[in-house]
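Here's the structure we're looking at; comments come further down.
The values are calculated or read from the model by the stated rules, or taken from the named source; none is laboratory data. As the structure is a computational prediction, the values presented were derived from the model and not from experiment. Ideal geometry is used to build each Cβ from the backbone, glycine not excepted, and the neighbour counts take in all protein chains shown. For the accessible areas, the whole protein counts, side chains as well, though only heavy atoms, and no ligand, DNA or RNA atoms are used. Shrake-Rupley method; radii C 1.70, N 1.55, O 1.52, S 1.80 Å.
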Amino acid sequence: MATLSDIGVAAGINLLSAFVFLLAFAILRLQPFNDRVYFPKWYLKGLRSSPSRSGTFVKKFVNLDFRSYLRFLNWMPEALKMPELELIDHAGLDSAVYLRIYLIGLKIFVPITFLAWAVLVPVNYTNKTLELQLKNVTSSDIDKLSISNVPDGSDRFWTHIVMAYAFTFWTCYVLLKEYEKVANMRLQFIVSEKRRPDQFTVLVRNVPPDSDESVSETVEHFFLVNHPDTYLTHQVVCNANKLAKLVKKRKSKQNWLDYYQLKYSRNNAKRPIMKTGFLGLWGEKVDAIDHHITEIEKLSNEIAEERERVLKDPKSIMPAAFVSFKSRWGAAVCAQTQQSRNPTLWLTDWAPEPRDVYWQNLSIPYVSIAVRRLIMAVAFFFLTFFFMIPIASVQALATIEGLEKAAPFLKALIEIPFIKSVIQGFLPGIVLKLFLIFLPTILMIMSKFEGFTSISSLERRSATRYYLFNLVNVFLGSVIAGSALDQLNTFIKQSANEIPKTIGVAVPMRATFFITYIMVDGWAGIAAEILMLKPLIIYHLKNTFLVKTEKDREEAMNPGSLSFNVGEPRIQLYFLLGMVYATVTPVLLPFILVFFGLAYVVFRHQIINVYNQEYESAAAFWPDVHGRIISALLVSHVALIGLLSTKHLAQAAPLLITLAVVTIWFYRFCKARYEPAFVRYPLQEAVMKDTLERARDSNFNLKPYLQNAYIHPVFKEEDDDEEEEVVKLENESVLVPTKRQSRRNTPVPSKMSGASSQSLPEAVPEHSVP
């Protein structure tokens with residue numbers, strides 16, 4: 001097992017690697033040719049231009065001002081200077097609230113760390129239990145600082161119970177204040193926010209089919225009858241996925257054409273040649289420029305044909321629509337009420353903002369979504385369960401004993417003190433990190449298959465599953481499987497009634513592994529985040545081979561955004577480890593504090609200077625964050641109950657069960673008190689916002705602002721003539737004649753005839769396609 005000196009060596013290695021990353025970042029960010037990589041957000045806002053340096057050729061690429069290198073850490077205080085209100089205006093509420101997750105970590109664990117080290121560490125260390133009573137159990141110096149070192153039945157366990165109460169109450173207090181703060185920030189953000197299409201728009205799904213009317217006509221007539229005073233316009237949803245793929249393929253071909261043309265312009269002596277086979281590795285040799293021009297022309301013809309089909313084929317129209325209203329109040333009433341006596345028809349929900357819409361899933365029939373989600377639930381269960389097998393196997397090998405058994409010829413090398421420290425303090429964490437690299441991509445694919453219609457909901461779904469995966473595999477898998485493997489020989493030689501006692505002692509022993517994981521994934525991982533090595537390389541490759549104009553250079557920048565589906569579950573794993581080990585092995589807490597402090601500064605810098613958020617959900621993810629921290633508390637209670645049950649302290653169980661019940665009550669209270677602010681829009685706020693807006697801008701025409709807001713992006717990328725055709729089609733049919741006989745009794749006058757419209761010989765075709 002790892003000793004304190006081994007952990008010290010590993011900590012030194014990880015701190016050194018983190019420092020190297022930070023130093024490399026500090027140097028690279030000062031170079032003029034990297035300015036667009038490390039400050040892209042300011043370029044996108046038009047507030048920064050490429051640094052121009054007069055003098056020698058070298059100065060245009062390298063910063064020769066050596067005084068600037070002496071201040072290589074000045075980015076840290078600069079990242080902390082921007083006030084929160086200015087940060088919200090600069091980056092959005094999602095980004096500002098995301099940073100508050102790290103602040104909560106500091107608010108919770110700073111007092112807990114000081115209290116645990118002042119009270120629990122002396123209580124644990126001043127015993128000799130592991131040395132005297134359990135010589136047959138593998139232990140380490142760190143375990144002597146844990147609860148495992150307290151003898152069975154000792155009155156000292158009451159100290160741990162009292163601390164568990166103190167830690168829980170403090171955590172709940174911080175969570176209560178933060179929930180209240182974030183809820184108020186959300187409402188204030190919505191009230192103060194400028195006009196946006198999603199404030200007036202509702203997504204309607206499962207529109208019932210009508211043999212006499214098209215989807216567009218059915219939607220229009222339904223809302224004119226049921227929302228006559230507030231309905232404004234609508235846009236039906238089409239299946240343009242094939243068209244989008246063709247446009248994406250043409251864009252890729254255009255990039256290659258630009259590359260070959262630029263290459264030819266630099267060397268006119270020889271035209272570029274390429275092979276037509278897979279990845280250009282084999283096949284017929286052709287002129288690269290002529291080949292791509294031909295391919296682009298062919299794709300343009302296919303795009304025109306597919307676009308025409310989408311616009312005219314009724315089968316491409318889905319039973320869904322974006323319906324816009326004259327006021328926020330009208331949209332809120334529609335989004336938050338049942339529209340039909342059949343609760344499975346005319347399903348309404350707030351429309352995502354246009355940037356947040358995941359257009360590919362709008363074409364999925366609503367009736368298939370339940371089946372899709374059942375399939376993915378089963379698939380996720382098997383993914384989670386079977387992933388424990390390789391993790392447990394690798395964790396067994398990632399120890400001195402495991403490596404010596406698997407590779408005896410390496411025993412002499414492994415026994416070298418420095419190598420031994422690196423293996424014990426570094427290898428287990430890096431192995432687990434490698435296993436988890438591809439997991440977020442797999443979970444996002446699963447979420448997309450389930451049919452969620454917004455990027456934010458996709459990320460929240462993936463984040464939930466990533467957290468559950470970490471809970472089962474990274475935490476429970478590493479603790480239970482790892483401990484069982486370490487103690488297997490002991491179990492075989494013991495009587496059955498001694499096994500629970502050994503497990504109770506062995507569970508805290510996995511603290512060593514989690515300390516190394518925090519250092520690898522947390523310290524070094526966060527430091528690598530700010531270096532942005534991958535975006536740096538990609539930008540310079542694009543800048544070298546594809547960029548011809550300033551517009552091309554701007555497109556070559558890839559600032560990225562906060563990956564909530566990856567970042568938030570990782571944060572929650574540290575909350576979980578901190579909660580569980582606060583009363584069990586407090587030595588782990590300082591490592592978590594370093595992570596939260598470093599991560600807060602790094603991500604604040606990235607949000608201010610780099611990330612360009614794809615969407616704005618007004619912190620809709622906060623209930624998930626709150627719930628997962630509560631679940632970490634409950635896991636810590638269960639772990640402590642199980643641990644103390646092996647220590648002959650049965651009278652402690654009712655007290656800890658009571659603590660868990662109080663925690664659950666607190667969660668239910670917060671859910672009832674604050675969560676409605678994140679799922680519903682108060683009608684009072686909607687009326688106030690509408691009244692103020694009418695008073696300030698009474699002449700604003702809302703209809704032109706909304707009627708094109710939810711056009712499919714693939715149509716916006718076409719030329720101006722094609723876009724005008726779509727707009728014309730949408731403008732022609734605010735209300736359309738119909739064959740449906742029930743229309744004769746509709747009490748709403750037709751905007752085409754000025755009276756209730758009678759049935760006409762022919763129906764007008766579908767009109768609006770987003």
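Take the Cβ-Cβ distance between Asp155 and Leu413 as r, set R0 to 51 Å, and report the resulting FRET efficiency rounded to the nearest 0.05.
Computed FRET efficiency for Asp155 and Leu413: 0.60.
Any idea of Asp94's accessible area? Nearest 10 Å², probe 1.4 Å.
About 10 Å², rounded to the nearest 10.
Cα centroid distance between segment 510-528 and segment 232-249, in Å?
Using only Cα atoms to place each centre, the spacing works out to 44 Å.
For the residue pair Thr294 and Phe438, what label-to-label distance in nm results when each label sits 7 Å from Cα along the Cα-to-beta-carbon direction?
Those two pseudo-labels are separated by 3.7 nm.
Under 8 Å for C-alpha pairs, at least 6 residues apart: give me the relative contact order for segment 204-352, rounded to a whole percent.
40
If you count only protein heavy atoms and use a 1.4 Å probe, how large is the accessible surface of Val594, to the nearest 10 Å²?
The value for Val594 is about 60 Å².
Test of understanding: express the Cα radius of gyration of segment 204-352 as a ratio to 2.2 N^0.38 Å, with N the residue count.
1.62
What is the packing order of peptides 340-353, 30-43, taking the mean over residues of other C-beta atoms within 10 Å and listing the highest first?
Ranking the peptides 340-353, 30-43 by packing returns 30-43, 340-353.
For Arg328, Arg355, Arg195, give the ranking by accessible area with the largest first, probe 1.4 Å.
From most accessible down to least: Arg355, Arg195, Arg328.
Take Gln684, project a point 7 Å from its Cα along the Cβ direction, then tell me which residues of segment 167-208 have their backbone nitrogen under 17 Å from it.
Flagged as within label range: 183-192.
How would you rank 443-453, 654-664, highest first, on the average number of other Cβ atoms within 10 Å across their residues?
Output ranking for 443-453, 654-664: 443-453, 654-664.
How big is the dipole moment of segment 204-352 about its Cα centre under a simple scheme where the beta carbon of each Lys and Arg is +1, that of each Asp and Glu is -1, and everything else is neutral? Debye, nearest 20, please.
1020
From largest accessible area down, sort Phe223, Phe380; use a 1.4 Å probe on the protein chains.
Ranked from most to least accessible, the order is Phe380, Phe223.
Output the peptides 182-191, 294-303 sorted from most to least packed, where packing is the average of other Cβ atoms within 10 Å over each peptide's residues.
The most tightly packed comes first, giving 182-191, 294-303.
As an exercise, use a Förster radius of 35 Å and the Cβ-Cβ distance of Phe33 and Ala304 to find the FRET efficiency, rounded to the nearest 0.05.
0.30
For the full complex of protein chains and a 1.4 angstrom probe, list Trp622, Trp665 by accessible area with the highest value first.
Ranked list, largest accessible area first: Trp665, Trp622.
Let me check I've understood the local charge: for Ile571, count other residues with C-beta under 12 angstrom from its C-beta, Lys and Arg +1, Asp and Glu -1. What total comes out?
0
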